[in-house]
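Scroll down for the structure; my scribbles are underneath it.
Derivation of every value follows stated rules applied to the coordinates shown; laboratory data play no part. Just so we're clear, the structure is a prediction, and the values are computed from it rather than from any experiment. Note: ideal-geometry Cβ built from the backbone for every residue, glycine included; neighbour counts use all protein chains shown.
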Amino acid sequence: MIGRRLILSGLRKRYEDVWAVRDTNLEIEPGEFVSIVGPSGSGKTSLLTMIAGFETPTAGAIRIGDKDVTSLPPNRRDIGMVFQKYALFPHLTVGQNIGFPLKMRRALAAAPLKVRVEEMLQLVQLSDYRDRYPNQLSGGQQQRVAVARALVSDPPVILMDEPLGALDKKLREAMQFELKRIQQRLGATIVYVTHDQDEALAMSDRVAVMRQGELQQIGTPAELYGKPANAFVADFIGVMNFVPGIYHGSEGSDRIVQLAEGIRLRVPTAYDDRALALARTAAVHIAIRPEHIRLAPIGQSSDSAATGVVEASVFFGSTHVLLVRLTRLRDVVLRVEMPASKATSFINGTSVEVTFDDANLQIFPVKEELAA
């Protein structure tokens, strides 16, 4: 299998008076695994159904390789599809389900078809299940049959719509590795729609974030997590703390933000230059990930530390998550992550000093809308 480039140019979709997708431009490289994420109603499924050919774009073009497929029906696009509910035929065996696309297209004679099905069975590690029926399989096994069926005709692009949504957490995580293994082995181009941002970050070469029909940002998981394009992406991808403050201009190469407690924070411009467009005294949000916040007992940190009280502590195996309400900003509750070995000193009700890792601070204008 050789994946092909998928190009979406100025793609739009309108349902009566609602724009489900607006002016979306996206180029996916051959063999790339790209996930599309966003809240409900963001347009990610509409985008996928237009690529598949189930919906006709209101405007724009879809190209697979050097071929414009915008007006082609689904059966002429040569696209593999894996649905959330798998859509296996209950009266067909595993082998028959996998071979069904080839049989319908009359692409292979009986003997070569049998060989191709066996190749797919081996790929998804189900050779011993070829004669079983879907109701005799576990959820994970059914999912692998659906993947094999999508791959059997060597499509240049494979679309996956929430394919792991029906699985329990442990099986879903196992199948993430399985899907990535298969994709890397075959070099397939995959477009993957999911509501699970952690799943997208774990599996994807790049992740596209959508909101209200518009593409907000596309980048590697590290780029989206470490340098989100706006407050919405920052809030949607992973967990982000937002603390209100006032922008006070620059000092050397740093941008200065003052919190309500009088604490002055320095944001290195090399990391985050959004403040360059801000006016002095503009209201901003300082954004910081939970792992970049430090806690210390009262009196053991610097004079520039904020203060707060630990309201909750939750055990997550090797890490603890603590919720800390700031003393002077009563509406701000910070989520702080630390190794479990260090969290034992911070029981509920403990007064603490809070410091931020300046190198990982980001500035967003207050006017930017958050995901929540």
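Quick look at the numbers
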item	result
Pairwise centroid distance, computed over Cα atoms, of the range 123-186 with the range 195-223, Å	22 Å
Cα-centred dipole magnitude for the chain, charges only on beta-carbon of K, R (+1) and D, E (-1), debye, nearest 20	1060 debye
Per principal axis, descending, Cα span of the range 239-365 in whole Å	42, 26, 24
Rounded to the nearest 20 debye, dipole of the range 239-365 from Cβ charges on Lys, Arg, Asp, Glu	180 debye
14 Å beta-carbon shell around GLN84, net charge (K/R +1, D/E -1)	-1
Order by protection proxy (mean Cβ within 10 Å, highest first), peptides 120-131, 188-199, 286-297	188-199, 286-297, 120-131
Given charges at Cβ of Lys, Arg, Asp, Glu: the range 189-274 dipole, positive-most of SER250, GLY213, MET203	SER250
For the range 1-58 and the range 305-324, distance of Cα centres in Å	40 Å
Zone of ALA61's modelled label, taken as backbone nitrogen in the range 207-250 under 12 Å from a point 7 Å along Cα→Cβ	none
Net charge, ALA296 excluded, C-beta distance under 12 Å - Lys, Arg +1, Asp, Glu -1	+1
Sequence ranges 243-249, 228-234, 168-174, ranked by mean other-Cβ count within 10 angstrom, highest first	228-234, 243-249, 168-174
Net charge dipole size for the range 73-153 [Lys, Arg +1 and Asp, Glu -1 on Cβ; Debye, nearest 20]	320 debye
Among PRO290, GLY43, MET104 - extreme Cα towards positive end, dipole of the chain, charges at beta-carbon	MET104
Most fluctuating residue given options ARG328, ARG77, ARG105, as computed from a GNM of the chain linking Cα atoms under 10 Å	ARG105
Directionally averaged shadow of the range 10-144, computed from the convex hull of its alpha-carbon atoms, nm²	10.2 nm²
Per-peptide average of other Cβ atoms within 10 Å, ordering 159-166, 356-363, 87-94, 314-321 highest first	159-166, 356-363, 87-94, 314-321
Sequence-distant residues sharing a close amide H with GLU214 (under 5 Å, placed H)	ARG22
Anisotropy class of the chain from Cα gyration tensor, a/c 1.5 cut	prolate
Nearest 10 degrees, 0 to 90: helix 110-123 Cα axis against the chain principal axis	20 degrees
